[in-house]
Amino acid sequence: MAIFLGQKLPIPQEEHIADTINKIEAILQKKKINKFVNASVKEGYTKALEILKSNDVGFDKYHELKTLQSKSIAAIAVDYLKGDCAQEVLCNIPIK
């Protein structure tokens with residue numbers, strides 16, 4: 001992951017965003033995501049899908065999310081759309 005630090009990435013094209021959406025949808029289909037311990041990750045990824053599907057680079061409704069982790073995942077989704085974060089970072093949030 002450190003290879004992406006301090007580098008400006010290209011703004012993702014529609015096909016890259018669609019690929020990212022597919023990867024997040026696959027994560028949300030895993031049984032482990034429904035464990036209580038993963039509730040924050042599930043909430044964050046659910047919001048990330050909304051952000052990606054609407055291409056909402058101006059998202060600022062973090063107060064709607066319950067935990068710092070879910071807010072962070074949403075912020076990573078926004079950063080990804082701006083080219084400030086790699087898909088690998090967004091799609092590899094640990095699930096317990």
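Results, tabulated for the structure shown:
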item	result
Filter pass, GLU15 being modelled with pLDDT of 95 or more, surrounded by fewer than 16 Cβ atoms within 10 Å (Cβ to Cβ) and assigned to a helix (DSSP H, G or I)	yes
Count of region 18-38 residues which are open to solvent by 30 Å² or more (accessible area, probe 1.4 Å), in contact (Cβ under 8 Å) with a residue 24 or more places away in the chain, assigned to a helix (DSSP H, G or I) and over 17 Å from GLU88 (Cα atoms)	2
Unmet criterion (only one of (1) touching a helix residue (DSSP H, G or I) at 6+ places or on another chain (Cβ under 6 Å); (2) part of a helix (DSSP H, G or I)) for CYS85	(2)
Residues of region 48-70 satisfying the condition of being among the aliphatic types (A, V, I, L, M) and either buried (at least 16 other Cβ atoms within 10 Å of the Cβ) or in a helix (DSSP H, G or I) (or both)	ALA48, LEU49, ILE51, LEU52, LEU65, LEU68
Residue count for region 73-86, restricted to those that are touching a Leu at 6+ places or on another chain (Cβ under 9 Å) and open to solvent by less than 50 Å² (accessible area, probe 1.4 Å)	9
Hits in region 87-96 - residues which are open to solvent by less than 40 Å² (accessible area, probe 1.4 Å) and under 18 Å from GLU15 (Cβ atoms)	GLN87, LEU90, CYS91
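The values are calculated or read from the model by the stated rules, or taken from the named source; none is laboratory data. Everything numeric in this text was worked out from a predicted model, so none of it was measured. Positions of Cβ are generated from backbone atoms using ideal geometry, with glycine treated the same way; all protein chains shown enter the neighbour counts. For the accessible areas, the whole protein counts, side chains as well, though only heavy atoms, and no ligand, DNA or RNA atoms are used. Shrake-Rupley method; radii C 1.70, N 1.55, O 1.52, S 1.80 Å.
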